[in-house]
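The values are calculated or read from the model by the stated rules, or taken from the named source; none is laboratory data. Quick caveat, the model's predicted, so the values are computed rather than measured. Quick reminder, even Gly has a Cβ in these numbers, built from the backbone with ideal geometry, and neighbours come from all protein chains shown. All accessible areas refer to the heavy atoms of the entire protein, side chains included, with ligands and DNA or RNA removed. Shrake-Rupley method; radii C 1.70, N 1.55, O 1.52, S 1.80 Å.
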Amino acid sequence: MHLYFPTTPLEDWITAFYKRIGVKQPKDLNIDYIADQCNVLLLRERTESYRIDNDFIQIIVLDERLSPQKQREVFFHELCHMLRHYGNQGIMPESFRQLQEWDAVRFTKCAAIPIHMLQYIRLENNRDIIADMSEMFKVTPRLCKERLNQIRNRMAIKEYTA
């Protein structure tokens, strides 16, 4: 599929990152592999999800009670903090913490459904697109709907300004 709108800097960053570690197709979006490539120890336990990220170790612990789709989303959220953010959220000003959380939410959508993988889904005239995306990218239908809305809104803006 040909993209009819410009990509965002975040999407470009994620695409370059994924290509550098060999993640080119939806089947390559394996969180254990991505964690390994980032030197992150990925664990699943019966506890609330959390991360440890310091100069010595990087760990993401996923709550194994969550669905596999939700675990993936939590993984991408925590990975964003590790790759793109600095500082201890517990002591930083609230506005900085909110900015980091906003960025992690955006990152999660773009990392879970990367722009360079849109060629594997039919965006137009597909009644089952949310279900298809959820199955292909192994994330919740809600995240798929939010990402699809991002993409469609950008396509509409491009058409409107063209």
Quiz item: In terms of modelled amide H atoms, which long-range or inter-chain residues lie less than 5 Å from the amide H of GLN58?
Solution: LEU41
Self-check item: Net length gained if the chain between ARG122 and GLU94 were fully extended (0.36 nm per residue, minus Cα distance)
Solution: 6.1 nm
Quiz item: What percent do you get for the relative contact order of the chain when only Cα pairs under 8 Å and 6+ apart count?
Solution: 25
Self-check item: Under Karplus coefficients 6.51, -1.76 and 1.60, residue-wise ³J(HN,Hα) of the stretch 62-79 in Hz, glycine/proline x
Solution: 9, 6, 5, 6, 6, 5, x, 5, 5, 4, 4, 5, 5, 4, 5, 4, 5, 4
Practice problem: When you have a sec, figure out the Kirkwood radius of the stretch 43-138 from all distinct Cα pair distances and drop it here in Å to one decimal? | Solution: 15.0
Quiz prompt | Karplus 3J(HN,Hα) series, Hz, for the stretch 130-142 with 6.51 cos²θ - 1.76 cosθ + 1.60 (x for Gly, Pro) | solution = 5, 5, 4, 5, 4, 5, 5, 9, 6, 10, 5, x, 4
Quiz item: Percent of accessible area on the stretch 1-83 owned by carbon and sulfur, 1.4 Å probe?
Solution: 49
Self-check item: FRET efficiency, 1/(1 + (r/R0)^6) with R0 41 Å, evaluated for THR7 and LEU66 via beta carbons
Solution: 0.85
Quiz item: How large is the accessible surface per residue of the chain, computed with a 1.4 Å probe and reported in Å² as a whole number?
Solution: 59
Quiz prompt | Karplus-derived HN-Hα couplings along the stretch 144-154 (A = 6.51, B = -1.76, C = 1.60, θ = phi - 60°), whole Hz, x at Gly and Pro | solution = 4, 5, 5, 5, 4, 4, 4, 5, 5, 4, 5
Quiz prompt | Helix-only [θ]222 nm of the chain, DSSP H runs n ≥ 4, -39500 (n - 2.57) each, per residue, nearest 500 | solution = -17000 deg cm²/dmol
Quiz item: Given the alpha-carbon gyration tensor of the chain, what are the semi-axes of its equivalent ellipsoid in whole angstrom, ordered largest first, with each equal to the square root of 5 times an eigenvalue?
Solution: 28, 19, 15
